[in-house]
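Notes to accompany the following structure.
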Amino acid sequence: AAGAEQFADKIMMSLLQVFGTKNAAAHEEALMAAGALADKMEDKFMRYMVQFKDVVMMGLRNHEEFQVCTVAVGVVGDLSRALGKALAQFCNEIVQALLEILQDSALNRSVKPHVLSCFGDIALALEGQFEPYLQVTLMMLLQASQTRAPDDDEDLIDFVNTLREGILEAYTGIIQGLDEGGKVQLIVPYGEAIMGFLENITHDPNKDDEVINGAIGVLGDLTDSLREQVPGLTTKKFVDDLLNLGNQSGVDKIMELARCYRGRIDNLKRG
């Protein structure tokens, strides 16, 4: 990191010059390079944000060149991890741009799962300061979770699985971030809807291992942070079914997660 810092001013000056050109491929590469630099510099990257924020916003609003837009969304994730709560001062604009991406029906659909996941990164960074964005984000996640694919459309099945991964990553970031910020109670009114989504996933024959892993992760986040306040956590049959799917997946990390939360939920049942 010290090595990166030594040359950071020169690197950022060069990158900012690239953004002055009209070359979309160069913008993609430069955005990725800046995201990697933020990753190395962490909160010290803040000194470039006044100029760099405008570049990121330009990328997020570039719906015509969806690859640039996708990379810009990824950079918001990098900035969330690098800057933590210091990202808050830029979030009104960023969140607005992310919502506009989701609302643009003409935009290539492959960008949208990345956007959903990005809300989780922002929530983890902001912790309790995510509250102003919570309602609009959760409504959007609930809307996205209604997306279904017919059994005979493999492309759409793959897309729905990727979309659900993004939704589940968002829920995990939001629940963990609010928990860290002492505001996890704000999730309680949405508990039933989130559990309904997990139940739909459990019964969907087309789900893949990553979705099962994400669903068990969110079930676990709810268990850890809200315990008995999660509706149906200890009584609904699908909870057992989901954990069984994890046990039967043959994937070590999923089996371990399922065993871990089976134990915690059993403890809650015993009271």
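The values are calculated or read from the model by the stated rules, or taken from the named source; none is laboratory data. Keep in mind the model is a prediction, meaning the values are calculated, not measured. All Cβ positions, glycine included, derive from the backbone under ideal geometry; neighbour counts span all protein chains shown. What goes into the accessible areas is simple: the full protein's heavy atoms, side chains included, and nothing from ligands, DNA or RNA. Shrake-Rupley method; radii C 1.70, N 1.55, O 1.52, S 1.80 Å.
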For the stretch 190-210, how many residues are of a type in the set (S, T, N, Q) and crowded, with 20+ Cβ neighbours inside 10 Å? 1
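Looking only at the stretch 211-221, decide whether some residue is of a type in the set (D, E, K, R) and open to solvent by 50 Å² or more (accessible area, probe 1.4 Å). Even if it seems obvious, please write down each step before you answer.
The initial filter retains those residues of the stretch 211-221 that are of a type in the set (D, E, K, R), namely 221.
Among the residues that remain, those that are also open to solvent by 50 Å² or more (accessible area, probe 1.4 Å) are: none.
No: zero hits.
Condition check ((1) at pLDDT 95 or above; (2) in contact with a Gly (Cβ under 9 Å, 6 or more places away or on another chain)) across all residues:
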{"residue": "V136", "(1), (2)": "yes, no"}
{"residue": "A149", "(1), (2)": "no, no"}
{"residue": "T162", "(1), (2)": "yes, no"}
{"residue": "E165", "(1), (2)": "yes, yes"}
{"residue": "L168", "(1), (2)": "yes, yes"}
{"residue": "D179", "(1), (2)": "yes, no"}
{"residue": "G182", "(1), (2)": "yes, yes"}
{"residue": "Y190", "(1), (2)": "yes, no"}
If the requirement is being farther than 26 Å from R61 by Cα and open to solvent by less than 10 Å² (accessible area, probe 1.4 Å), which of these qualifies: I157, I187, I174? I187
If a residue must be more than 16 Å from the chain's Cα centre (by Cα) and crowded, with 22+ Cβ neighbours inside 10 Å, how many such residues does the stretch 100-154 contain? 0
Within the set of pairs 6 or more residues apart or between chains, which connect a residue that is among the charged types (D, E, K, R) inside the stretch 214-238 to a residue that is open to solvent by less than 10 Å² (accessible area, probe 1.4 Å) with Cβ atoms less than 6 Å apart? D221/I175
Can you list the helices (runs of 4 or more DSSP H) lying wholly within the stretch 196-271 that have 1 or more residues being among the hydroxyl-bearing types (S, T, Y)? 209-226, 252-270
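Within the stretch 105-157, count every residue that is part of a loop (DSSP other than H, G, I, E, B) and touching a residue at least 40 places away in the same chain (Cβ under 8 Å).
6
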